[in-house]
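All remarks here apply to the structure that follows.
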Amino acid sequence: MKVLTIGGAMIDTIAIIESAAIERMSLLNAGASFLLLEEGRKTEALEVSTHCGGGAINAAIAFARLGADCAALIKLGHDARADQILARLEEEGVSCRWLARTPEAPTGASVHVSSHDRNAAVFTFRGANTLLKPDDLHGKAFQADLVYVANLSNEAAHCFPEIVAKAKAQNALLAVNPGIRQLHEHGTAFQATLPQLDILSLNRREADEIVSMLDRKEADSEILDFPEGAHIPALATRGLRFENRRFGIRAFCRALLARGVGTVVLTDGRDGAFSATSGRMIYCPAHEADVQGTAGAGDAFASTFSAYLADRRNPDVALRAASINAASVLAYVDTQTGLMRRKDLEGCMTEKPISNVISWAL
């Protein structure tokens with residue numbers, strides 16, 4: 001299978017801070033928590049390390065380890081960060097044939113402050129990632145079985161409709177995993193492409209933003225029926241919300257499928273994931289994980305699900321595989337160490353199958 005990934009490329013600097021060295025403040029009604037570091041104080045880190053990251057890079061390495069012939073269409077600066085990313089892609093067997101370089105901005109970078117038992121606070125400099133232009137989208141690059149588009153921002157987000165058009169012109173399966181910023185700032189352009197998206201992967205925050213694009217008349221707050229004794233994920237009762245609109249999960253999926261989306265995937269961290277296609281919706285609980293860091297788990301889930309669906313596997317199998325690979329990534333502070341190879345993933349699916357997969361008619 002030939003795969004092209006498009007999106008961000010970053011160098012991640014990860015600082016692991018002992019939990020006792022960071023104060024926390026939580027807002028109950030807002031559902032948010034904050035890590036607090038004392039101003040002017042030098043805080044000792046347990047470890048500081050650098051890694052390659054970014055949506056397109058994480059996905060490309062996931063696809064390569066799953067056995068795909070993968071290339072990445074990314075934009076880098078002329079700097080040491082770019083050299084580190086190129087070396088990493090070469091090491092993993094990912095083609096750099098379609099990458100672009102620019103003297104206008106450095107390669108993207110981010111800093112993660114992690115305290116083990118909480119999500120990392122992330123400072124992001126997008127750099128050259130924002131400067132992807134139509135001239136960088138070589139037509140031959142899209143001669144692939146699967147085109148996977150990660151989050152795009154700024155000028156790169158303006159290219160999204162053209163990316164979609166080029167992928168469909170080559171009859172490629174198109175999988176999209178947008179970010180909240182792309183959906184918020186470029187929602188109209190994104191909404192126009194919905195009929196051409198074969199796989200749309202969203203987390204809860206992104207799905208809430210999508211609600212703003214849907215007709216109020218389609219909304220309902222229907223609560224899903226779960227078997228007696230089963231764990232009921234929060235999204236099943238909370239639904240999806242934007243301002244005063246609220247959609248139940250089933251209504252949300254119906255609305256997107258009615259607009260032409262082939263398959264909808266909705267993840268909610270430790271509460272598992274939903275998938276909907278062809279009149280059927282599935283829920284798969286999260287796989288058990290020893291969580292050391294949450295960065296990259298979403299990329300692992302979306303890329304693995306897309307790879308299995310492109311291989312014509314059933315959506316329930318794709319959900320199981322994606323849940324296991326995402327859990328493997330959670331066991332490491334960086335975004336790639338835990339990405340599994342196909343043989344190991346298939347073995348894990350056989351030895352430790354995820355139970356309690358539930359389905360409903362749409």
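Panel note: the C-alpha atoms of the stretch 134-222, placed on their principal axes, show extents of 45, 25, 19 Å (largest first).
Whole-percent P(r), the stretch 263-323, all Cα pairs, 5 Å bins from 0: 4, 19, 32, 26, 12, 5, 2, 0.
Please tell me the relative contact order of the stretch 229-329 in percent, rounded to the nearest whole number, where contacts are Cα pairs under 8 Å and at least six residues apart. Intermediate values should be presented prior to the final figure.
Details: 121 pairs, mean separation 19.3, N = 101.
Worked out over the stretch 229-329, it gives 19 percent.
Largest to smallest in accessible area, the residues 147, 122 fall in the order 122, 147 (1.4 Å probe, all protein chains included). For the chain, the 222 nm mean residue ellipticity estimated from helices alone, with every DSSP H stretch of n ≥ 4 adding -39500 (n - 2.57) and the total spread over all residues, rounds to -9000 deg cm²/dmol.
Taking every DSSP bridge with both residues inside the chain, close to 55 percent are antiparallel. Over the chain, the pair-distance histogram of Cα-Cα distances with 10 Å bins from zero comes to 5, 25, 34, 26, 9, 1 percent, rounded to whole numbers. Once the Kirkwood radius over Cα pairs is known for the stretch 204-272, the Stokes-Einstein relation at 4 °C and 1.567 mPa s delivers a diffusion coefficient of 104 µm²/s.
Once the Cβ-Cβ distance of residue 278 and residue 154 is raised to the sixth power relative to R0 = 41 Å, the FRET efficiency obtained is 0.70.
Past the 29 Å Cα-Cα mark, which pairs from 2/75; 168/217; 42/75? Spell out each step's value before the answer.
Details: 2/75 20 Å; 168/217 31 Å; 42/75 35 Å.
Pairs exceeding the cut-off: 168/217; 42/75.
What residues of the stretch 63-83 lie in the reach of a label at residue 143, counting those whose backbone N is under 19 Å from a point 7 Å from the Cα along Cα→Cβ? Residues passing the 19 Å test: 69-74.
Roughly to the nearest percent, how much of the accessible area of the stretch 214-362 is carbon and sulfur, given a 1.4 Å probe? Walk me through the intermediate numbers first.
Numbers: 3100 of 6750 Å².
For the stretch 214-362, the apolar C and S fraction of the accessible surface comes to 46 percent.
A probe of 1.4 angstrom, applied to the heavy atoms of all protein chains, finds residue 110 with accessible area near 10 square angstrom. Could you list the residues of the stretch 285-306 with an amide nitrogen less than 19 Å from a label point located 7 Å from the Cα of residue 19 in the Cα-to-C-beta direction? 288-295, by backbone N distance to the label point. Where a ≥ b ≥ c are the square roots of the eigenvalues of the C-alpha gyration tensor, would you call the stretch 9-52 rounded, which needs a/c under 1.5, or, failing that, prolate if a/b is larger than b/c, or oblate? Taking the square roots of the gyration eigenvalues as a ≥ b ≥ c, the stretch 9-52 is oblate. Just to check, using Stokes-Einstein with a Kirkwood Rh over alpha carbon pairs, what's the diffusion coefficient of the stretch 211-362 at 20 °C and 1.002 mPa s in µm²/s? Translational diffusion coefficient: 134 µm²/s. Counting only heavy atoms of the protein chains and using a 1.4 Å probe, residue 194 has close to 0 Å² of accessible surface.
The values are calculated or read from the model by the stated rules, or taken from the named source; none is laboratory data. Given the structure is predicted, the values throughout are model-derived calculations rather than measurements. Positions of Cβ are generated from backbone atoms using ideal geometry, with glycine treated the same way; all protein chains shown enter the neighbour counts. For accessibility, only protein heavy atoms count, side chains too; no ligands or nucleic acids. Shrake-Rupley method; radii C 1.70, N 1.55, O 1.52, S 1.80 Å.
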